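Colleague: Structure below; questions to follow.
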């Protein structure tokens, strides 16, 4: 034993990692190979028999996994954008340009003590973040990001979204009640009042779209908006879009409607007594929710994954390189150069301390990564997925930016103003929108 | 009525051992001492106590307010003071006349110069001292700068208590500029310890003047741009308008001074009403507003900043040459007697009343702080409002807890 441990102690850190990881990989690889050879056909058989279930499980896993980087990105965006609006620098220590700070935040939250306050209802207190997180993330499932790229295409997709998204308020109320804290209680009650009130104009504002589209499937709604940007529903339903945007801001508990966690009034609202990863879940859910409501706004009103105009250079998958002739040579000779320079320019401009060659190297590497991603997307996924994902992400993050911008600019409304606004203004406006839409459909005979 | 059993001490850890673990009720561990206390600590139907502070994220300083809530509405409230009490008045009675300036600074940690000013005024009256004109100009100049710094911070705070995130950081930029230049002048960024009996501690220096020059050239536009974020914001205006409305009668009866009084329409400014220093020679207006609500208090302070800029401009143009300190002995023994000093601070009228018995220490130094008076009116303004506005109303009165607890 001493011989082994002494030899182990003499190893450097890379050596230690190497001599643990490589045998492990060998064993796992060999074992996996044998398992696949023995059990492969059987497993494939079982999977093939339950294809819808398998699809659902894969989609749910993918959605849960996607939620984490999305939340990290949103948190980073919130920190950095608000910092710029406040004329601060914001995070700039961890990772390039502070990009890894939200990862560190996640680790920090994991490392914190996870305590339950005395007198709290332990079960409900523990369950509340789970309900909030699940309610948020599962509403992700129906949002289409590219043609054919969605978790599930229900024919009642929008209804599912509102139903599952409405679960979060139950979680918030559970958190508020179980914390055994009056500030939490106030926060939970505010959440209940606010979200339930805003659900009504929110739902009514999309009924106009449902009447126009004739379907509740989000995928179909996006398909209906294909063409140029004039076909987007925002131009047929401007009032509906406005009401929807306001109501969804309140629904996502974002400023200026972030009354449930108003720090200058009720400390942290329902999250006052939470710490550690439970708080992390509540926090995560909020930021994932911000992305989801942005994606839903884009899906319903801004054409989803449709490009705002016809792509001027149609790239079809069955492109024949031979037909390009001398054009191919130009393409190969010019595009990498321009791409490298274009990607290097922002880095070179942003940091005066960066030497030119460093910026060029970064640009070259980035261009290669993008080129490989594009080729892989073209070859293995489909070009539509890549372009659709690009457009839907650009639009969705545009709205994430919009929500962050609101947070940086506006003070908070009072609870009575909030309620007045929902019931006296938004609800009649939504009904008016509904009425006008119905009238237009009848008169124009669509 | 909530009943209490007599307990050894609220801090005794043995108390916790016997106690049944339950919700913390902010009820004092002794039987009510006054009728008012008994009335306040009796819960009505559907009411609950909420303990706001001293660790609430938006209390200004270490103030604790026990709120009696009915739902979201504040029924009644009870401010609990004393978390910052250090007995400064008593310490001053045992300090040399020169040392007292240093003791007074932390009472007003936002604009320290205005706490030093009434003291040196009172001491100079006792000594029948003629302060050099240059010293008076420097006092006014630095004081008005400090007033702008304080008002800038107020605007940010007020917005922060209404939920705005950005204004506080923008106003801190302005405040930081001013504090940096005052730091160059006085040697400290926060507790300046700058005024002396008979003058000021140091003459204007190059760094101060260059910082001031570059700041003055853009101060007006900068402050205008900062306030635009709030003044033209519908949510802010709708929340602040009519919030914590104080009428003229009430303000006068509660001895409210400063911007809070002028926002109710009373044009009382110590600088004009009981002129001191070189203020009679300077040309500035006393802005007033008649609404008396939080918005009026906020807008009035914006106007005051503009007037302060005017005063600074005049000071810089009329700055005379000469000494900055009167010739006074190291050890001061004023004649026995009483003296009164009052200045107009960003918060109101700071007053000191000093009794000398002929020794080198004052017999009695009474500090009157307007923040204390203004906090007293919170009990009138807040009940009936929502819990969200409690801190906003308090912020609109702009108290500094250092002077409240002394």
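Every number in this text was worked out from the coordinates using simple rules, so none of it is lab data. For clarity, every value in this text was computed on a predicted model and none was experimentally measured. For neighbour counting, all protein chains shown are included, and Cβ atoms are generated from backbone atoms with ideal geometry for every residue, glycine included.
Colleague: Between region B:151-228 and region B:100-129, how many Å separate their Cα centres?
Modeller: 20 Å
Colleague: Rank B:296, B:392, B:220 by mean-square fluctuation in a GNM of chain B with C-alpha springs under 10 angstrom and give only the top-ranked residue.
Modeller: Of B:296, B:392, B:220, the Gaussian network model singles out B:220 as fluctuating most.
Colleague: Need one number: nm distance between label points at residue A:349 and residue B:188, each 7 Å from Cα along Cα→Cβ, rounded to one decimal.
Modeller: 4.8 nm
Colleague: Cut-off 10 angstrom, C-alpha nodes, Gaussian network model of chain A. Which of A:253, A:289, A:219 fluctuates the most?
Modeller: A:253
Colleague: Set the Förster distance to 35 Å, then compute FRET efficiency between residue B:359 and residue B:281 from the Cβ-Cβ distance, nearest 0.05. The partial results should precede the final answer.
Modeller: Details: r = 36 Å, r/R0 = 1.03.
The formula returns an efficiency of 0.45 here.
Colleague: If contacts are Cα pairs under 8 angstrom and at least 6 residues apart, what is the relative contact order of chain B in percent?
Modeller: On the way: 721 pairs, mean separation 92.0, N = 406.
Contact order relative to length: 23 percent.
Colleague: Still on this structure: Using the Kirkwood radius built from alpha carbon pairs, what does the Stokes-Einstein equation give as D for the protein assembly as shown at 4 °C and 1.567 mPa s, in µm² per second? If you can, show how the numbers build up before the last one.
Modeller: Numbers: Rh = 32.0 Å.
Rounded, D is 41 µm²/s.
Colleague: If packing is taken as the average number of other Cβ atoms within 10 Å across a peptide's residues, how do A:141-149, A:429-437 rank, most packed first?
Modeller: Values: A:141-149: 21.2, A:429-437: 17.3.
Result, highest mean Cβ count within 10 Å first: A:141-149, A:429-437.
Colleague: I would also like to ask the following. Let me know the Rg and Dmax you get for region B:88-405 when you use only its Cα atoms, in Å.
Modeller: 19.2, 59
Colleague: Report the gain in length on full extension from residue A:27 to residue A:54: 0.36 nm times residue separation, minus Cα-Cα distance, nm rounded to one decimal.
Modeller: On the way: separation 27, 0.36 × 27 = 9.72 nm, distance 2.79 nm.
In short, 6.9 nm is gained.
Colleague: Let me ask something additional. Which value at 222 nm does the protein assembly as shown reach when only helices count, each DSSP H run of 4 or more adding -39,500 (n - 2.57), with the total divided by all residues and rounded to the nearest 500 deg cm²/dmol? Walk me through the numbers on the way to the answer.
Modeller: On the way: 34 runs with 502 residues, N = 852.
Using -39500 (n - 2.57) per qualifying helix, the result is -19000 deg cm²/dmol.
Colleague: For residue B:93 and residue B:327, compute 0.36 nm times the residue count separating them, minus their Cα-Cα distance, and round to one decimal in nm.
Modeller: Details: separation 234, 0.36 × 234 = 84.24 nm, distance 2.42 nm.
Roughly 81.8 nm would be gained on extension.
Colleague: Please give the FRET efficiency for residue A:229 paired with residue B:220, using the beta carbon to beta carbon distance and R0 = 45 Å, rounded to the nearest 0.05.
Modeller: Step by step, r from the Cβ atoms, then E = 0.55.
Colleague: What is the distance, in nm, between label points placed 7 Å from the Cα along the Cα-to-Cβ direction at residue B:83 and at residue A:152?
Modeller: Calculated label separation equals 5.0 nm.
Colleague: Note down the nm distance, to one decimal, between modelled labels 7 Å out along Cα→Cβ at residue B:313 and at residue A:326.
Modeller: Going by the 7 Å Cα→Cβ label model, 6.9 nm.
Colleague: Same structure, new question: Name the shape class, rounded, prolate or oblate, that the alpha-carbon gyration tensor gives for region B:256-394, where a ≥ b ≥ c are the square roots of its eigenvalues, rounded holds for a/c under 1.5, and otherwise prolate holds if a/b is larger than b/c and oblate otherwise.
Modeller: Numbers: a/c = 2.99, a/b = 1.41, b/c = 2.11.
Oblate, because a/c is 1.5 or more while a/b does not exceed b/c.
Colleague: Restricting to Cα pairs below 8 Å that are 6+ residues apart, what does the relative contact order work out to for chain A? Please round to a whole percent.
Modeller: 20 percent
Colleague: For the pair residue A:167 and residue A:39, what calculated FRET efficiency results from E = 1/(1 + (r/R0)^6), where r is the Cβ-Cβ distance and R0 = 45 Å, to the nearest 0.05? Don't jump to the answer; show the numbers that get you there.
Modeller: Working: r = 38 Å, r/R0 = 0.83.
E(calc), rounded to 0.05, equals 0.75.
Colleague: Name the residue, out of B:236, B:268, B:154, whose mean-square fluctuation peaks in a Gaussian network model built on chain B with Cα pairs under 10 Å.
Modeller: Ranking B:236, B:268, B:154 by mean-square fluctuation puts B:236 first.
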